[in-house]
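J.: First the structure, which I've put down as structure tokens, then a few questions once you've had a look.
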Amino acid sequence: MTKLKNDTFLRALLKQPVPYTPIWIMRQAGRYLPEYNQTRARAGSFLDLCKNPDYATEVTLQPIARFGLDAAILFSDILTIPDAMGLGLYFADGEGPKFERPLREEWAIRGLSAPDPEEHLGYVLDTVRQIRKALDNTVPLIGFSGSPFTLACYMVEGGGSDDFRTTKTMLYQRPELLHHILQVNAKAVTDYLNAQILAGAQAVQIFDTWGGMLSSRAYEEFSLAYLRQVVQGLIREHDGARIPSIVFTKGGGVWLEKIAALGCDAVGLDWMCSIGQARGRVGDRVALQGNMDPMVLFSDPQTIRKEVRKILESYGQGSGHIFNLGHGISQFTPPENVGALVDAVHELSRGFH
């Protein structure tokens, strides 16, 4: 095991003492950065950017070079798994991700199987290895996947949706079909995350982006149960180090205690709940990650500092907090305001440790 120059993020995830609150940003390698847009233009398309380890490594490192972030996150897309299952992922201009073959027919659903990560997602694992080498043990690397339910939403709808009507119709009318998709997805996500860990990811996050649109009963049956399956199947230690896991359900504040009981090391919070109240609800069971409203970054450095202080004061003294936005950063965010955010967190948080 090689020692990291900055392991603050990993120590905070494990609630160990840290000198300040670490920060990384969901979607930190993205369209708000001019250098990212230049690399994406060279790559030719978003999918080509994801599938080329040289380009994916380059954009992963860009925010690390520009800001004093405490962790890098693998540049990829959550839909790599269904693409590897043969659903035919493509990106339509202005419309986001689409699948050529969405899961609508029972025969297609019954024939679904989890892909072998080394065989079908080797380009992602090559990227993980390349990023680890390029980082040279400066900061840790986060691997990630979409949750079984969130992946299922895209696989059934054939893309994004305002109401996920087709998925919810299946959930209520043919729940056994949705459960079959989720069971396959849970195995695929577990295998994929474990392959990322073996390739060099030092922490992993599961993005349950659409779990929050379910009813309470449906969330527990169709999202939480499969998140538990994934978390319990993860490699917990590799190369002599603990590999922490983070679960983020957007809109999941109402189920916070249940998410904290999954066995993950940290729970990601969106901006709709108080981080102080969340800490009071889960105690020392898990670390908490979050949870600034991304729109704060459209203000000015003074306002950003005030909002940072509010979140730090709400969380209170001690470790177990990883500062982040409550969702992915907007493509229209001024980069200099991200720099102001990172500097404010590093400076102001020292008084809380």
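Any read-out appearing in this document is the output of simple, stated calculations on the displayed coordinates, not a laboratory observation. Everything numeric in this text was worked out from a predicted model, so none of it was measured. Using ideal geometry, Cβ is built from the backbone for each residue, glycine included, and neighbour counts are taken over all protein chains shown.
J.: Return the aspartates and glutamates within reach of LYS15: Cα separation strictly under 14 angstrom, same-chain partners fewer than 8 residues apart disregarded; answer none if there are no such residues.
T.: ASP7, ASP265, ASP284
J.: Also: Taking the chain as the reference, fit the longest principal axis to its C-alpha atoms, fit the long axis of helix 148-157 to the helix C-alpha atoms, and give the angle between the two in degrees, 0 to 90, nearest 10.
T.: Once rounded, one gets 50 degrees.
J.: I would also like to ask the following. Using a simple charge model, +1 on the beta-carbon of Lys and Arg, -1 on the beta-carbon of Asp and Glu, nothing else, what dipole does the range 92-190 show about its Cα centre, in debye to the nearest 20?
T.: That gives the range 92-190 a dipole magnitude of about 240 debye.
J.: Residue farthest toward the positive end of the dipole of the range 25-287, with Cβ of Lys/Arg at +1 and Asp/Glu at -1: which of PHE164, GLN38, TYR192?
T.: Of the options given, the answer is PHE164.
J.: Also, I was wondering about something else. Out of residues 5 or more away from GLY159 or on other chains, whose amide H comes under 5 Å of its own, with H placed 1.01 Å from N in the peptide plane?
T.: PHE99
J.: Answer rounded, prolate or oblate for the range 251-312, using the Cα gyration tensor with square roots of eigenvalues a ≥ b ≥ c: rounded when a/c is under 1.5, else prolate when a/b is larger than b/c, else oblate.
T.: prolate
J.: Taking Cα atoms, how many degrees apart are the long axis of helix 335-348 and the longest axis of the chain, rounded to 10 and kept between 0 and 90?
T.: The two axes meet at around 60 degrees.
J.: Averaging over all projection directions, find the projected area of the Cα convex hull of the range 174-236 and quote it in nm² with one decimal place.
T.: Computed as one quarter of the Cα hull surface, the answer is 4.4 nm².
J.: Would you calculate the convex hull of the Cα atoms in the chain and tell me its volume per residue in Å³?
T.: 119 Å³
J.: Using the Kirkwood formula on the Cα atoms of the range 73-124, what hydrodynamic radius do you get, in angstrom to one decimal?
T.: Hydrodynamic radius (Kirkwood, Cα only) of the range 73-124 equals 12.2 Å.
J.: Using square roots of five times the C-alpha gyration tensor eigenvalues, list the equivalent-ellipsoid semi-axes of the range 112-156 in whole Å, biggest first.
T.: Semi-axis lengths for the range 112-156 are 27, 14, 6 Å.
J.: Take each of the peptides 291-297, 48-54, average the number of other beta-carbon atoms within 10 Å over its residues, and list them starting from the highest.
T.: 291-297, 48-54
J.: Right, another one. Hey, what did the chain get for relative contact order, percent, Cα under 8 Å, at least 6 apart?
T.: 22 percent
J.: Separate question: Largest first and in whole Å, give the semi-axes of the range 1-67's equivalent ellipsoid, each being the square root of 5 times a Cα gyration tensor eigenvalue.
T.: Working from the Cα gyration tensor, I get semi-axes of 29, 13, 10 Å.
J.: Still on this model: Given charges of +1 on the Cβ of Lys and Arg and -1 on the Cβ of Asp and Glu, with all other atoms neutral, how large is the dipole of the range 25-287 about its Cα centre, in debye to the nearest 20?
T.: In total the dipole reaches around 480 debye.
J.: Got the relative contact order for the range 254-312 handy, in percent, Cα pairs under 8 Å and 6 or more residues apart?
T.: 32 percent
J.: In whole Hz, with x marking every Gly and Pro, tabulate ³J(HN,Hα) for the range 7-22 from phi via Karplus 6.51 cos²θ - 1.76 cosθ + 1.60, θ = phi - 60°.
T.: Karplus-based 3J(HN,Hα) across the range 7-22 equals 10, 4, 4, 5, 5, 5, 4, 9, 6, 8, x, 9, x, 7, 7, x Hz.
J.: Between ASN291 and residues 5 or more places away or on another chain, which pairs have amide H atoms under 5 Å apart, with H built 1.01 Å from N, and which residues are they?
T.: Result for ASN291 returns ASN324.
J.: Going down the table (LYS250/LYS310; LYS3/LYS258; LYS133/LYS187; LYS187/LYS310), which pairs top 32 Å between alpha carbons?
T.: LYS3/LYS258; LYS187/LYS310
J.: I've got another one for you. Pairing the Cα long axis of helix 122-135 with the longest principal axis of the chain, what angle in degrees results, from 0 to 90 and rounded to the nearest 10?
T.: Between helix and principal axis, roughly 10 degrees.
J.: Roughly how many debye, to the nearest 20, is the charge dipole of the range 1-69 about its Cα centre, given +1 on each Lys and Arg Cβ, -1 on each Asp and Glu Cβ, and no other charges?
T.: It comes to approximately 200 debye.
J.: Among 337-344, 21-28, 281-288, how do they line up by average Cβ neighbours within 10 Å per residue, starting with the highest?
T.: In decreasing order of mean packing, 337-344, 21-28, 281-288 become 21-28, 337-344, 281-288.
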